[in-house]
Amino acid sequence: MDKFCFGVDLGGTTVKIGLFSVEGNLQDKWEIPTRTENNGAEILSDIAALIQNKMTEGHLSKEQVTGIGIGVPGPVLNENLVQGCVNLGWGHVRVADELSALTGLKVKAANDANVAALGEQWQGGGKGFQNLVMFTLGTGVGGGIIQDGRIISGANGAAGEIGHMVIADADEVVGTCGCGHRGCLEQVASATGIVKLAEKRMAESSQESVLRTISPLTAKDVLDAAKAGDALAAGVAENMMQYLGKAAAYIACVVNPDIFVIGGGVSRAGEYLIEGIGRYYREFAFHASAETKFALASLGNDAGMIGAAGMVCNL
Ligand code: ZN
């Protein structure tokens, strides 16, 4: 009997649901809107209804489905409990218990950045390695830690929140991080942070730069200009890569992964970024872990859905 599992990526605007073989091959996928009205009261029943319809259509019995994995945009305790998620309108929600009651299937929930890391470890840029740390460089900086093929979520569901490691001096960054601190990794390595730092450097000097002709400025503009040899842009990029390399070196002293996987929109800067972060990493790393690999994420926006399935593929 072939066995299958569902992976659900629950976002603030859409829910992506994939049906996978337990080996990780995507069979089919669907998207539905996330109904956040009414404090998100319909979200889990919408997901359950879609899954039940697709099981009926595909003549899948409950015995053939190992379970449902779901990634949620907030901290998740014990693969179940969300204690408030602004994007969904949720207060306390026992996600796994409720979805399991609705479907009669086993359910595991985890933070969306953490399941994306598991996806990259299972089927993506970190495939073949059991111990991985992922950096997601987007509007913010997220992360995930995988040890022995499992998500580390920690006492408060906050393990892997590497974007809020306070790593830079307060006067090096612009403003305050969304978390309330100053100097978070997110403030120097997110798309937003890169633009703010480039604008700060332009305001503080009269150095010529192609960035002065671009409006509105994006992180991609800064990294493209850096690659093309623009000195001001390269300064911002080197600063970012230095902090990412240093953060990776700190993390390696704690969990010593086989590989760091870099994803998110900023990672489209590609090998330039991998080379730069790796160069600074080796400068700061403890000698025994100095050869840790760095790779680009390869699953794009499907990483969360794939990793969610990966949580339940062998139940
Ligand atoms: Zn922060």
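The values are calculated or read from the model by the stated rules, or taken from the named source; none is laboratory data. What you see is a predicted model; the values in this text were computed from it and never measured. Cβ coordinates were reconstructed from backbone atoms using ideal geometry, including for glycine residues, and neighbour counts include every protein chain displayed. In case anyone asks, the SASA skips ligands and DNA or RNA and just uses the protein heavy atoms, side chains included. Shrake-Rupley method; radii C 1.70, N 1.55, O 1.52, S 1.80 Å.
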Q. Just to be sure, is Ala110 closer than 30 Å to Ser61 by Cβ and either within 14 Å of the chain's Cα centre (by Cα) or assigned by TED's automatic domain parsing to the domain that holds Gly12 (or both)?
A. yes
Q) Given region 1-114, what strands (runs of 3 or more DSSP E) lie entirely inside it while holding 3 or more residues that are over 21 Å from Gly310 (Cβ atoms)? A) 81-85, 90-94
**Q.** Candidates Phe129, Phe135, filtered to the one that is modelled with pLDDT of 95 or more, under 24 Å from Ser267 (Cβ atoms) and surrounded by fewer than 24 Cβ atoms within 10 Å (Cβ to Cβ)
**A.** Phe129
Q) Just one of the numbered conditions (1) over 15 Å from the mean Cα position of the chain (by Cα); (2) in a helix (DSSP H, G or I); (3) more than 19 Å from Phe129 (Cβ to Cβ) is not true of Ala308; which one? A) (1)
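Residue-by-condition table, conditions (1) touching a Ser or Thr at 6+ places or on another chain (Cβ under 9 Å); (2) closer than 22 Å to Ala191 by Cα; (3) among the basic types (Lys, Arg); (4) at pLDDT below 95:
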{"position": "Asn87", "(1), (2), (3), (4)": "yes, yes, no, yes"}
{"position": "Asp97", "(1), (2), (3), (4)": "no, no, no, no"}
{"position": "Val107", "(1), (2), (3), (4)": "yes, no, no, no"}
{"position": "Glu120", "(1), (2), (3), (4)": "yes, yes, no, no"}
{"position": "Gln147", "(1), (2), (3), (4)": "no, no, no, no"}
**Q.** Hey, Gly142 within 25 Å of Gly74 (Cβ to Cβ), open to solvent by less than 40 Å² (accessible area, probe 1.4 Å) and part of a strand (DSSP E or B) or not
**A.** yes
Q. When you look at Gly119, is it away from the ligand (no atom under 16 Å from the Cβ) and surrounded by 24 or more Cβ atoms within 10 Å (Cβ to Cβ), yes or no?
A. yes
Q | Enumeration of residues in region 163-179 that are open to solvent by 30 Å² or more (accessible area, probe 1.4 Å), more than 7 Å from the ligand (Cβ to nearest atom) and assigned to a loop (DSSP other than H, G, I, E, B) | A | Met165, Asp169, Val174, Gly175, Thr176
**Q.** Top-ranked residue of region 180-204 - restricted to ones that are of a type in the set (D, E, K, R) and more than 10 Å from the ligand (Cβ to nearest atom), ranked as least open to solvent (accessible area, probe 1.4 Å)
**A.** Lys200
Q: Determine which member of the set Val266, Val261 is in contact (Cβ under 8 Å) with a residue 24 or more places away in the chain, buried (at least 21 other Cβ atoms within 10 Å of the Cβ), among the hydrophobic types (A, V, I, L, M, F, W, C) and within 23 Å of Arg201 (Cα to Cα).
A: Val266
Q: Scan Thr34, Thr66 and give me the residue that is within 24 Å of Lys127 (Cβ to Cβ), open to solvent by less than 60 Å² (accessible area, probe 1.4 Å), modelled with pLDDT of 95 or more and among the polar types (S, T, N, Q).
A: Thr66
